[in-house]
Amino acid sequence: MTMRVIKDAKIDQLTHCYIKEHLIPTLRELKDDYDLTKRPFSILIFDIDHFKSFNDKHGHIHGDEVLKYFSSSLHLNLVDEDNIPFRFGGDEFIVVFPGKGAVYCHELAKTVQRNIRSRMFLLKGKQYQMSFSGGVTTYPDDAKTAETLLDKADQALYCSKKNGRARTTRYNQIFFERVKYFFMLGLMAGAVVLGAYFYRQDLGAVLKYLRGTRITFHSGNAPQNPPPLGYVPRPISEPPPPPLPRDPAMDEITLRSGDILMGHILVETGDEIIINMKLGHGEGKISVKRSEILKLRKAQA
């Protein structure tokens, strides 16, 4: 498409795109053309992902090489399209598509994205994958002036960056993209909360049992050290052992955790009960808080 404004427009020598001073006049000329022909036009604004970090790390000379390589990829992908490319500043570009709607430009941007990501940039023997974040707006659907059209395209670009980069957002889809973004955040937060809840439930049951039970050994055959804090005698996934025989001569204590202790009650106070039990290695005294006891059956005298 031959336009009056860009007929003698200046070209940026690094990227071979038009300089930004010609952008607003170009958009205004397209707007005037729409008033006569009702032919819409769209703009795609985008910048290179993480270009500043690359520039700071490798220097401006290598940064310029990235810009040249990226712009050459852009021209290569748009060679068959009616388009007007501008370098807006730094690593930011704007491409104007006369006669094209937002849906068409959005699909075209996704195609360009795939092709650029597959065309690696080589620096000092190392390959770098390039990508961009973009925003698309269309006249007259999204704005009635050239300046407003650019501003809304910039809002769509910001949405792409906020949602993870390497993508292009249409201005009229910003609301849905934000809803999708916060929905995903909600799902992740819900998973964390549920995981923490069930973890706390399991851990709480173990700690509650340990706080209510104290074991001391006094046999020469018994282990020299008590079990460490957090030790669980049997994994929860294993079936419980068969119940011990009900010896009428022994006292029986049923804990709130479901465990049953059998032995001889030695001491009872208002706060706890001390019971003497037969263990695998000798005997042991166990102190149980009354708050942990569900049921107590004393042996008949």
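Derived scalar couplings between HN and Hα for the range 60-66 equal 5, 4, 5, x, 5, 5, 5 Hz in order, rounded to whole Hz, by the Karplus curve 6.51 cos²θ - 1.76 cosθ + 1.60 (θ = phi - 60°), x for Gly and Pro. Straight Cα distances below 23 angstrom link Lys144 to the lysines Lys20, Lys31, Lys38, Lys100, Lys152, with same-chain residues fewer than 8 positions distant left out. Cross-link reach is defined here as a Cα-Cα straight distance under 21 Å, omitting same-chain residues fewer than 8 places apart; for Lys289 the lysines meeting it are Lys208, Lys278, Lys298.
Across the range 143-156, rounded Karplus estimates of 3J(HN,Hα) from the backbone phi angles (6.51 cos²θ - 1.76 cosθ + 1.60, θ = phi - 60°) give 7, 10, 10, 5, 5, 5, 4, 5, 4, 6, 5, 5, 5, 5 Hz, Gly and Pro being marked x. The calculated FRET efficiency for the pair Ile260 and Val192, based on their C-beta separation and a Förster distance of 30 Å, comes to about 0.20. Site pair Lys144 and Ile11 shows an inter-label distance of 3.9 nm when each label is modelled 7 Å from Cα along Cα→Cβ.
Global size of the range 18-174: 15.6, 54 Å for Rg and Dmax (C-alpha atoms, Rg to one decimal, Dmax whole). Note on Val79 and Phe176: their simple-model spin labels are 3.4 nm apart, each label 7 Å out from Cα toward Cβ. For the range 62-83, the residues whose backbone nitrogen is under 14 Å from a point 7 Å from the Cα of Arg119, taken along Cα to Cβ, are 66-81.
Any read-out appearing in this document is the output of simple, stated calculations on the displayed coordinates, not a laboratory observation. As the structure is a computational prediction, the values presented were derived from the model and not from experiment. Glycine also receives a Cβ, built like all others from the backbone with ideal geometry; neighbour counts cover every protein chain displayed.
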